[in-house]
Amino acid sequence: MRANCSSSSACPANSSEEELPVVLEVHGNLELVFTVVSTVMMGLLMFSLGCSVEIRKLWSHIRRPWGIAVGLLCQFGLMPFTAYLLAISFSLKPVQAIAVLIMGCCPGGTISNIFTFWVDGDMDLSISMTTCSTVAALGMMPLCIYLYAWSWSLQQNLTIPYQNIGITLVCLTIPVAFGVCVNYRWPKQSKIILKIGAIVGGVLLLVVAVAGVVLAKGSWNSDITLLTISFIFPLIGHVTGFLLALFTHQSWQRCRTISLETGAQNIQMCITMLQLSFTAEHLVQMLSFPLAYGLFQLIDGFLIVAAYQTYKRRLKNKHGKKNSGCTDVYHMRKLTSSKETNAFLEVNEEGAVTPGPPGPMDCHRALEPVGHITSCE
């Protein structure tokens, strides 16, 4: 069995003649979609999101990296361990189990950044976590895979896509740096760029999801087990990431950020690693998992954003009704006070017109409105 194939065309034709052309076509389409579209999406998206980053806040996260440390613990502690437990619990084959484990060991993807923006999360922390997890993946990915995969007795060596990690870092840091500079020099224009980038990023996410599903229809198999794991895996990541952030006394804003960063993985990096390490015969059984995971993590992200925006809108309407009620009470009290003041002035005018010294009844009637006004206040 040959390993470390750089592309599907370099792998031996040890599968059936009917399977191999389908696999080659799928791999070529996937490489085109996930490389070109994802690279363009990452560059434009990270530039626009970089316009929301403030140098002072970013430096505070780097100087006191408590939030980043919690995020890295979720990324390379909880996710690989969860992947291992899922593979054991569902009694997966070694080839399928390694696909689940590789997904759990991948760093966070840029999808989490756009979702963090839509839930009013900490953008400085989100971008810092994505960058740091990508850098840490250079060492943590092989370490985690070695610790968890030794019991499955794989015959081939796994190839870590270091080149892909380097490209991800370049596409992440350079656009963000330009966005930070734009936000520093032109803060008003950066807000406009940020809004446009958020809308364009959402559209591109939908395009990637639809294109991936349509073009990879030949690689979807009938194994319901992998589809089930790909559905619950990102949900577990979101929930455990939120709970760990809450347990470490992070703010609600950081809890939302760490939750989204934990459940969102770099799908392209997982697919690249599978293509570099396995033959076309095994890829037929493995490639459906990262594609399904990417689809479900998009669905989960949109559901989280929709739930948060609905909650935010209801909370805003509730506060609006309270403020409206307070305003009505204020106007009523002001109107009542105005009427009492006019009555007082009318009484004074009558007293001023009446000739002669005032009698006891006139003094009592003139002083009555004053006492009434004082008691109301």
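The values are calculated or read from the model by the stated rules, or taken from the named source; none is laboratory data. Not measured: the values here are computed from a predicted model. Here Cβ is always computed from backbone atoms with ideal geometry, including for glycine, and neighbour counts include all displayed protein chains. Surface areas here come from the heavy atoms of the whole protein model, side chains and all, with no ligands, DNA or RNA. Shrake-Rupley method; radii C 1.70, N 1.55, O 1.52, S 1.80 Å.
Details
- Each residue in the stretch 283-307 was checked for being over 23 Å from residue 207 (Cα atoms) and either open to solvent by 30 Å² or more (accessible area, probe 1.4 Å) or touching a Pro at 6+ places or on another chain (Cβ under 9 Å) (or both), and 2 of them qualify.
- Residue-level check: of (1) open to solvent by 50 Å² or more (accessible area, probe 1.4 Å); (2) in a helix (DSSP H, G or I); (3) modelled with pLDDT under 75, residue 211 misses just (1).
- Test: residue in the stretch 256-264 that is outside any helix (DSSP H, G or I), modelled with pLDDT of 85 or more and not aromatic (Phe, Trp, Tyr): yes
- Which listed residue is surrounded by 24 or more Cβ atoms within 10 Å (Cβ to Cβ) and assigned to a helix (DSSP H, G or I), from 140, 129: 129
- Checking each residue in the stretch 97-121 for being closer than 19 Å to residue 141 by Cβ and either in a helix (DSSP H, G or I) or open to solvent by 10 Å² or more (accessible area, probe 1.4 Å) (or both) picks out 97, 98, 99, 100, 101, 102, 103, 104, 105, 110, 111, 112.
- Condition broken by residue 86, with the remaining ones in (1) touching a Pro at 6+ places or on another chain (Cβ under 8 Å); (2) assigned to a helix (DSSP H, G or I); (3) in contact (Cβ under 8 Å) with a residue 60 or more places away in the chain satisfied: (1)
- Pairs, first more than 13 Å from residue 194 (Cα to Cα) in the stretch 50-62, second surrounded by 14 or more Cβ atoms within 10 Å (Cβ to Cβ) and of a type in the set (Asp, Glu), C-beta under 6 Å, six or more apart: 57/124; 58/124; 61/124
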